[in-house]
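Structure first, then comments.
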2 protein chains.
Amino acid sequence: MILKSQVEWALHCCAILAGLPEGRYLSTKALAEFHGLPKEYLSKALQSLSQAGLVHTTLGPSGGYRLARSPAELTFLDVVEAVEGKARTFVCNNIRANNPCRPTDHCDSSPCAIARIMWEADEAWRQKLRGVTLSDLGHILSQEVSPALWKNSFEWVLDRAG
Amino acid sequence: MILKSQVEWALHCCAILAGLPEGRYLSTKALAEFHGLPKEYLSKALQSLSQAGLVHTTLGPSGGYRLARSPAELTFLDVVEAVEGKARTFVCNNIRANNPCRPTDHCDSSPCAIARIMWEADEAWRQKLRGVTLSDLGHILSQEVSPALWKNSFEWVLDRAG
């Protein structure tokens, strides 16, 4: 069970968009160039973010993407679910109902115990992702990325932002 | 990101094998019939359990599977990893290294912050699964399954166990 590469791409793009000044947009071309990614595939990841309402889009020569919410209100889970969907990672097909010993009128009062345990683990994963915002990520990166690289990247992005 | 159906099948099979008396084995045929599953596909899930060392196998007419460890020493994570593998659900392709602003001699001291956060969430998921044993599951099921169905199922299984 592996997440799509688009999850990684979408998180990195959101981290860059989180640093854009108010009202500015960054194109798919610039985001693809900055991350060394194929523009056509990256645009699908960005469309997923747009469809989930996480980014605003403008068309035209200076068009592109910017975050639709403040980085403090956008979590890792928002981004992961925009790309992967909100469905639980464990699907219960209720195979206990195939047990040949079950009376035909047997009715289960609660979901299968196996499914409940798997869903609790799924929820623990989501809870962790829900607890980290893009603002938290920006804080970590500002501590870890060298000042020169941070400044150069910011200027590179601003030069290309519409 | 959805787990394979074999995870569900393997967990249900282990739950049944956990109830087998010492030294008895249950065949793929019986496990498939009990769960209403296609024998050929189920045998792949059982082979995964065998390759991971979670079950013992015997060949021959009375052959089949039994748990290789006590149910108290076998966790949900063991079963999930036997089927899905131990690889993390998030793969970091280190795309930050493609940043055109990076000096060519730039060296990162630690893994990408995005990957670290995704791996922490993956670990929270595994931690939950590591915390539940087949013995815990048996305890829950013994409370929830009606006494008649519990007894009938046990007898059905014993009738077919080698």
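The values are calculated or read from the model by the stated rules, or taken from the named source; none is laboratory data. Predicted model only: the values in this text are computed from it and were never measured. Glycine gets a Cβ as well: all are built from the backbone with ideal geometry, and neighbour counts include every protein chain shown. Each accessible area value is taken on the protein alone, full model and side chains, heavy atoms only, with ligands, DNA and RNA left out. Shrake-Rupley method; radii C 1.70, N 1.55, O 1.52, S 1.80 Å.
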Worksheet item: Hey, does segment A:103-119 have a residue that's open to solvent by 40 Å² or more (accessible area, probe 1.4 Å) and within 24 Å of the chain's Cα centre (by Cα)?
Response: yes
Worksheet item: Based on what the data block shows, is residue A:115 among the small types (Gly, Ala, Ser) and in contact with a Cys (Cβ under 6 Å, 6 or more places away or on another chain)?
Response: yes
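For segment A:23-55, name all the residues that are under 15 Å from the mean Cα position of the chain (by Cα), on the phi < 0 side of the Ramachandran plot and not hydrophobic (A, V, I, L, M, F, W, C). Walk me through how you get there before you give the answer.
Initially, segment A:23-55 is screened for residues under 15 Å from the mean Cα position of the chain (by Cα), giving A:42-55.
Checking the rest, the ones that are also on the phi < 0 side of the Ramachandran plot come to A:42-52, A:54-55.
Scanning segment A:23-55 gives A:43, A:44, A:47, A:48, A:50, A:51.
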Discussion item. For the structure I just gave you, tell me whether residue B:76 is of a type in the set (Phe, Trp, Tyr), open to solvent by less than 50 Å² (accessible area, probe 1.4 Å) and either closer than 20 Å to residue B:8 by Cα or more than 8 Å from chain A (Cβ to nearest Cβ) (or both).
Written reply: yes
Discussion item. Within segment A:128-138, does at least one residue satisfy the condition of being touching a strand residue (DSSP E or B) at 6+ places or on another chain (Cβ under 6 Å) and open to solvent by less than 50 Å² (accessible area, probe 1.4 Å)?
Written reply: yes
Discussion item. Cβ-Cβ under 6 Å, sequence separation 6+ or interchain: first residue in segment A:37-57 and within 20 Å of residue A:20 (Cα to Cα) and away from chain B (no Cβ under 14 Å), partner open to solvent by 50 Å² or more (accessible area, probe 1.4 Å) and part of a strand (DSSP E or B). Which pairs?
Written reply: A:50/A:57; A:56/A:66
Discussion item. Among the residues that make up segment A:79-92, is at least one of them open to solvent by less than 20 Å² (accessible area, probe 1.4 Å), within 7 Å of chain B (Cβ to nearest Cβ) and of a type outside the set (A, V, I, L, M, F, W, C)?
Written reply: yes
Discussion item. Can you report the number of residues in segment B:116-135 which are more than 8 Å from chain A (Cβ to nearest Cβ) and either out of contact with any Leu (no Cβ under 6 Å at 6 or more places or on another chain) or in contact (Cβ under 8 Å) with a residue 60 or more places away in the chain (or both)?
Written reply: 7
